[in-house]
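The values are calculated or read from the model by the stated rules, or taken from the named source; none is laboratory data. Everything quoted here is computed from the prediction, not taken from an experiment. In this analysis, Cβ positions are derived from the backbone assuming ideal geometry, glycine residues included, and neighbour counts consider all displayed protein chains. All accessible areas refer to the heavy atoms of the entire protein, side chains included, with ligands and DNA or RNA removed. Shrake-Rupley method; radii C 1.70, N 1.55, O 1.52, S 1.80 Å.
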Amino acid sequence: MGRRTVSIVLLVFLAAISLKAQDATFEASVDRNPVGMGEQFTLSLTLGNGGMGGGKNLQLPDLSKFHIMAGPNQSTSMQIINGAVSSSLTYSYVLQPKEMGKLTIGAASIEAGGKKYTTAPLTIEVVKGSPRPKQQANVPDDLNVQIGENLFLKAVVDKSHVMQGEQINLTFKIYTRVSIANYAVNKNPALTGFWGEDTENPKNIALTNETINGKQYRVGVIKRMALFPTQSGTLEISPMELQTVVQVQSRRSADPFDSFFSNPFGQNVNYMVKSEPLKIKVDPLPAGAPSGFKGAVGRFTMNTVVDKKSTRTNEPISLKVNIAGTGNIKLLESPEVDLPTDFEQYTPKVSDNINREEGRISGTKTFEYLLIPRYPGRKVIKPVMFSYFDVAKRDYVTLRSSEIEVTVEQGTAQATPLIAGGAREDIQLLSQDIRFIKVSSGTLSRKGEYVHTSGTFIALLLLPLGCLAGAFVYARRRRSVMMDEIGYRNRKAIKLAQKGLREADVLLKGATPANDQQSSKQKLQFYAEISRALWKYLCDKLNISQADLSIDGTLAMISQRSANTELTASLKSLLESCEMARFAPTSLEVATMRKTYEDAKRLIVELEQTLNTK
């Protein structure tokens, strides 16, 4: 027993020396190549021999030609083979190609041990259809069967028969009777017909015991999601795939020296597991929906508020509609607001606050409308209506706010009193009757000539009538312009977009290469301003409501009015890169931000020239 202890201590000591002596490596790899169009694959960035200490300042390559479906998933591993230690830290991303052909993934970089390491570029071949599935590599058939009998992945739902829009809780569990060194998500499930929201994605799995068919398994939760079906019928949740590293005990050798120098932890085997697909039956919502129903399902409350009830013409007021409750919060669409005809309304600003605790999706969604009154008077904003389907009551419910009264005063200031000039500059005509001494003889007129028959008198007499007619025509044209909401939004689109770009320019000039929390937040605000300016311009220019916003739909409308495919492709790439920077931030370099800003300026000018000529 004493010799065995000494041997283990010696082995660990030699391992520590070996680990310290090795240089770090940084490699990029994919789990499959070629890849079928529409399929997902995993990009792994592995820091070797420096992974246990960790790396910093990971810089990803340009992934604009791929959808980032998940990631980064982080895993670590350590191996001791014949006294040599190898450790690794792996960042994995699940990607889906956007186009066919040979796509290049450039070099990634990371810092470790005071040095900078880069990967070699990868070329991914994207083909039509599905390539042959990858087999379990280097796994003997008997070992493959043995692992398969003791390791599986299971998808579980709390209910398999629901109403359209009703929440379903989906859980992926791994069941194992073998030792797993690490795992990575190889393929997330396709959720066609569902809107999904992650509620739990643990990095460290807490294992529990569960007995199935007389066998005891260690069970851990890989992922929990809340699903909301967006259509009726029989929908399928496709399998999730995990790439695991299973530790298999090596067979003992009769030679004691072979036993000493062999890996005491056994052999590491790569093994892929996947769950079975699930069928969900979804019933359509019953007939008799209110006219204002837009697909909201759950249980909600609503309140409306304006920032002021007294204002002046051409001065904006803010109307906020807050909807709170449980259900498909992110899918809620903006309620219709019935305004006086002389109010100008802009597309509402939407914000939400989602709560994912205890497996229920709840929270609030706020729609902020900017309203501009154009004429004075007592104005009434009619009650806002919001309808939803209550799953518990199995009936439709309509919420109604109170009407809001706003007093609008004339915003144009009165003209200031005139001040007399010349030699009498010290005297002001403030409604006083002052007659100065007449110092000139004046002008004389010929006898028999009368003022009322002169052309000047007739012109002065008709001048007020002409001014009155001109004012009447101007007022009618102005009212017509104000009533033409589409035309007004079209003309104002470029100015509002340039205003948004100016705000983004301020954030760009204040951005620094620092990677602290404040700098990252400022950079995210930059991409949000760019995205907001682009979408605001497209909404106003193409007369698209916020409920109909989508990249594909907007690009289709532009394509109908312009044959410039390069313009639509550039716009799509810019919108997607902004969304990726906001919701899956990886590298927020100042140089990339500056290029994004210049591209946005150029595209808005090109769109303005193209759409105005069609």
Query raised in the report: Considering only region 337-355, how many residues are part of a loop (DSSP other than H, G, I, E, B) and under 19 Å from the mean Cα position of the chain (by Cα)?
Result: 2
Query raised in the report: Does residue 184 satisfy the condition of being of a type outside the set (Ser, Thr, Tyr), touching a residue at least 60 places away in the same chain (Cβ under 8 Å) and under 30 Å from residue 284 (Cα atoms)?
Result: no
Requested in this report: Might you let me know whether region 155-175 holds any residue that is farther than 23 Å from residue 356 by Cβ, touching a residue at least 40 places away in the same chain (Cβ under 8 Å) and surrounded by fewer than 20 Cβ atoms within 10 Å (Cβ to Cβ)?
Outcome: yes
Report summary line: Inside region 290-313, the number of residues satisfying the requirement of being open to solvent by 30 Å² or more (accessible area, probe 1.4 Å) and farther than 17 Å from residue 334 by Cα is 5
Report task. Looking only at region 206-224, decide whether some residue is surrounded by 12 or more Cβ atoms within 10 Å (Cβ to Cβ), within 24 Å of the chain's Cα centre (by Cα) and in contact (Cβ under 8 Å) with a residue 40 or more places away in the chain. Result -> yes
Report task. Taking residue 489 as the residue in question, decide whether it is within 29 Å of residue 347 (Cα to Cα), surrounded by 12 or more Cβ atoms within 10 Å (Cβ to Cβ) and at pLDDT 70 or above. Result -> no
Query - Conditions (1) modelled with pLDDT of 90 or more; (2) surrounded by fewer than 17 Cβ atoms within 10 Å (Cβ to Cβ): number failed by residue 319 - result: (2)
Query - Matching residues, region 147-206, being within 29 Å of residue 43 (Cβ to Cβ) and of a type in the set (S, T, N, Q) - result: 171, 176, 179, 182, 186, 188, 192, 199, 201, 204
Query raised in the report: Residues of region 97-108 being part of a strand (DSSP E or B) and surrounded by fewer than 18 Cβ atoms within 10 Å (Cβ to Cβ), which ones?
Result: 101, 102, 104
Query raised in the report: Mind checking which residues of region 187-199 are open to solvent by 30 Å² or more (accessible area, probe 1.4 Å) and either in contact with a Phe, Trp or Tyr (Cβ under 7 Å, 6 or more places away or on another chain) or in contact (Cβ under 8 Å) with a residue 60 or more places away in the chain (or both)?
Result: 187, 195, 198, 199
Query raised in the report: Hey, does region 93-111 have a residue that's over 17 Å from residue 28 (Cα atoms), more than 26 Å from the chain's Cα centre (by Cα) and at pLDDT below 85?
Result: no
Report task. Pairs only if they're at least six apart or on different chains, beta carbon under 7 angstrom, first in region 456-475 and open to solvent by less than 100 Å² (accessible area, probe 1.4 Å), second part of a helix (DSSP H, G or I); list them, first residue then second. Result -> 457/451
Report summary line: Note on residue 203: of the conditions (1) under 30 Å from residue 164 (Cβ atoms); (2) at pLDDT below 85; (3) exposed (fewer than 13 other Cβ atoms within 10 Å of the Cβ), unmet is (1)
Query raised in the report: Yes or no: residue 334 assigned to a loop (DSSP other than H, G, I, E, B) and either modelled with pLDDT under 90 or not aromatic (Phe, Trp, Tyr) (or both)?
Result: yes
Requested in this report: Would you tally the residues in region 100-118 being in contact with a strand residue (DSSP E or B) (Cβ under 7 Å, 6 or more places away or on another chain), in contact (Cβ under 8 Å) with a residue 40 or more places away in the chain and more than 19 Å from residue 88 (Cα to Cα)?
Outcome: 2
Query raised in the report: open to solvent by 20 Å² or more (accessible area, probe 1.4 Å) and in contact with a helix residue (DSSP H, G or I) (Cβ under 8 Å, 6 or more places away or on another chain): does that describe residue 347?
Result: yes
Query raised in the report: Of all residues in region 356-403, how many are open to solvent by 20 Å² or more (accessible area, probe 1.4 Å), assigned to a loop (DSSP other than H, G, I, E, B) and not hydroxyl-bearing (Ser, Thr, Tyr)?
Result: 11
Query raised in the report: What number goes with the only condition from (1) farther than 30 Å from residue 234 by Cα; (2) out of contact with any Leu (no Cβ under 6 Å at 6 or more places or on another chain); (3) in a strand (DSSP E or B); (4) modelled with pLDDT of 90 or more that residue 297 does not pass?
Result: (1)
